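Undergrad: Would you mind keeping the following structure in view while I ask a few things?
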Amino acid sequence: MMKICILTDDFPPYVKGGAGIVVASLASELAKFGNELTVITTVQDRTQAGSFQENGMRIERIYSDYNQRWRSWRSLYNPVTTPAIKSILTEVKPEIVHAHNVHYHLSYWALHLAHKGGARVFLTAHDAMLFHYGKLYGFIDQKNPECRSIWNYRVSTWQQLREYRFWYNPLRNFLIKQLLKDVNKIFAVSAALKDALSQNGIDNVEVIHNGIDVKMWDVPPEPTQEFMQKHGLEGKKIILFGGRISGLKGGDVMLIALRDILKVEPRTVLLLLGTHDAYVEKLEKQATLWGIRDHLVSTGWLSGGELRAAYHAATLVVVPSLYLDPLPTVVLEAMACGKPVVGSCFGGIQEMIIDGETGFTVNPYNQQILADHIIKLLANKERRYVFGLAGRARVEKEFSLNGWYKETFAAYTET
């Protein structure tokens, strides 16, 4: 048994994206095997802050909220969270501190505090934020976007200054690299992300893929049927598009592809699982202009049993990301539910999908190719079934939660 502290900007039930949910899975697994676990996280509502005991873990929620314009500075050192982190680490005296997303509220200074306190320090990179300010897509030639086996992920100072302007901090990347010297090992969630980190001067990186509890995604048929009735999906062919829906996640290209799909498969519906925000409203308005609004169904953010039912209701799942998407959990959840996936060739998705065996990897910038591969699966029930079985077997073997735990714990003890 070890004393382990997890650092993460968000943690259930107060999460803003997939990383917080993924981190919670690992934390639960660490606690399940008898480790003494403390989670330090943040909330943006003062009433949610405090110390809690949940599911065998100590959860410390620190209040922090500020205008994100200052993120490139406050992510280095946040004067609001630093005293609380220092106090908790001093009290707990963990042997291991494992940081995840700390690039908003907990800040990279927390790595220094952990190291100074005598802990072995680990950091999982879930995205490109160690050297970049947002989603990484500049490596794709917008005039001739194509899939390649080798990419130039290097980001120049000029590129960042031009793109982020007033958000740009000339000291940010240098200081992050200095603070990373206090980290024993960095874990990248995919080989693609490791390559991007390396090309931008960040080494000491090992690839450990995230995992999920596959059995948790098994559901009886009744909730699935209820979900389909609730959203008017009975008798439809359902393309599930989930997560934080945006342009870079492929929302626009997927809507364009849907027009072509409907010419061949008119009973098709695009099911949007994500926050019903301004971007989703924009997609709905465009669908109305094109006369396909009835083929767009937005459920809002789902979780728990309703989310699992949505996956099981789906005919297939799409992940048409237009950037280096490191390791989208949507793919793992789809495969756990036995669903074929049509995913982007950019980022870590190619490490998850076996093209032609568990789904297809395509260039999402080519909407016709994207539509054609989706149509192939919509028209072939047997192929969908075979792909789904293969995907389920793959996630059980290569992306299980227990496997993720074992790899991570081994790294703790070997470093």
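The values are calculated or read from the model by the stated rules, or taken from the named source; none is laboratory data. The model shown is predicted, which means the values in this text are computed figures rather than measured ones. Neighbour counts run over all protein chains shown; Cβ positions are idealised from the backbone, glycine included. Heavy atoms of the whole protein, side chains included, go into the accessibility calculation; ligands, DNA and RNA do not. Shrake-Rupley method; radii C 1.70, N 1.55, O 1.52, S 1.80 Å.
Undergrad: If one takes the longest principal axis of the Cα atoms in the chain, at what angle in degrees, from 0 to 90 and to the nearest 10, does the Cα axis of helix 82-92 lie?
TA: 80 degrees
Undergrad: May I ask you to derive the FRET efficiency for F139 and I256 from their Cβ-Cβ distance with R0 = 22 Å, giving the value to the nearest 0.05?
TA: After rounding to 0.05, the efficiency reads 0.45.
Undergrad: How far apart, in nanometres, would the label points at R293 and E163 be if each is projected 7 angstrom from Cα along the Cα-to-Cβ direction?
TA: Distance between label points: 3.5 nm.
Undergrad: Measure nothing but the geometry: give the 0 to 90° angle between the long axis through the Cα atoms of 401-414 and the longest principal axis through the Cα atoms of the chain, rounded to 10°.
TA: 30 degrees
Undergrad: Here's something else I'd like to know. Would you mind computing, in nm to one decimal, how far apart the modelled labels at R244 and E396 are, each placed 7 Å from Cα along Cα→Cβ?
TA: Once both label points are built, they end up 3.3 nm from each other.
Undergrad: Okay, next question. If you build the Cα gyration tensor of the chain and take the root of 5 times each eigenvalue, what three semi-axes come out, in whole angstrom, biggest first? Working shown, then result.
TA: Numbers: eigenvalues 257, 117, 83 Å².
Rounded to whole Å, the semi-axes are 36, 24, 20.
Undergrad: Shifting gears a bit: How much FRET efficiency would the formula 1/(1 + (r/R0)^6) give for Q48 and R383, where r is the Cβ-Cβ distance and R0 is 56 Å, rounded to 0.05?
TA: 0.75
Undergrad: Moving to a separate point now. Could you check the simple spin-label distance between E407 and K16, using points 7 Å along Cα→Cβ, in nm with one decimal?
TA: My value for the distance between the label points is 2.8 nm.
Undergrad: I've got another one for you. Relative contact order for the chain using alpha-carbon pairs under 8 Å, separation at least 6, rounded to a whole percent?
TA: Relative contact order comes out at 14 percent.
Undergrad: Mind checking the log10 I(q)/I(0) for the stretch 32-116 at q = 0.11, 0.16 Å⁻¹? Debye, one equal scatterer per Cα, no solvent, two decimals.
TA: -0.29, -0.62
Undergrad: Quick one: which residues, 5 or more positions from A125 or on another chain, have an amide H under 5 Å from its amide H? H modelled 1.01 Å from N in the peptide plane, none for Pro or chain starts.
TA: Residues meeting the criterion, in which the H sits 1.01 Å from N, are F187, A188, V189.
Undergrad: List every residue whose amide H lies under 5 Å from the amide H of L240, counting only residues 5 or more places away in sequence or on a different chain, with H placed 1.01 Å from N in the peptide plane.
TA: Placed amide hydrogens put L271, T315, L316, V317, V318 under 5 Å from L240.
Undergrad: Can you give the Kirkwood hydrodynamic radius for the stretch 179-236, in Å, rounded to one decimal and based on Cα pairs? Each step should come with its number before you reach the end.
TA: Working: mean 1/r = 0.0657 Å⁻¹.
15.2 Å is the Kirkwood radius here.
Undergrad: If you don't mind, another one. To the nearest 10 degrees, how steep is helix 278-289 against the longest Cα principal axis of the chain, on a 0 to 90 scale?
TA: Between helix and principal axis, roughly 10 degrees.
Undergrad: Pull the list of the chain cysteines that no other Cys approaches to under 4.7 Å, Cβ to Cβ.
TA: Lacking a cysteine Cβ partner under 4.7 Å: C5, C337.
Undergrad: Quick one: dipole size for the stretch 110-196, taken about the Cα centre, charges +1 on Lys/Arg Cβ and -1 on Asp/Glu Cβ, in debye to the nearest 20.
TA: 240 debye
Undergrad: Based on Cβ point charges of +1 for Lys and Arg and -1 for Asp and Glu, what charge dipole magnitude is obtained for the chain about its Cα centre, in debye rounded to the nearest 20?
TA: 720 debye
Undergrad: Per residue, how much accessible area does the chain have with a 1.4 Å probe, in Å²?
TA: It amounts to 43 Å² per residue over the chain.
Undergrad: Across bins of 5 angstrom width beginning at 0, how are the C-alpha pair distances of the stretch 40-185 distributed, in whole percent?
TA: 2, 9, 16, 19, 18, 13, 10, 6, 5, 2, 0, 0
Undergrad: Then there is this: Once the piece of chain linking Y77 and Q286 is laid out straight, how much longer is it, given 0.36 nm per residue of separation minus the C-alpha distance between them? Could you put the intermediate results ahead of the total?
TA: On the way: separation 209, 0.36 × 209 = 75.24 nm, distance 4.22 nm.
Once the chain is fully extended between Y77 and Q286, it gains 71.0 nm.
Undergrad: How many lysine pairs in the stretch 261-415, separated by 8 or more positions in sequence or lying on different chains, have Cα atoms less than 25 Å apart?
TA: Value for the stretch 261-415: 10.
Undergrad: Continuing with this model, one more query. Which residue, I238, N210, V318, has the largest displacement toward the positive end of the dipole of the stretch 189-318 when charges sit on each Cβ (Lys, Arg +1; Asp, Glu -1)?
TA: Towards the positive end, the residue furthest out is I238.
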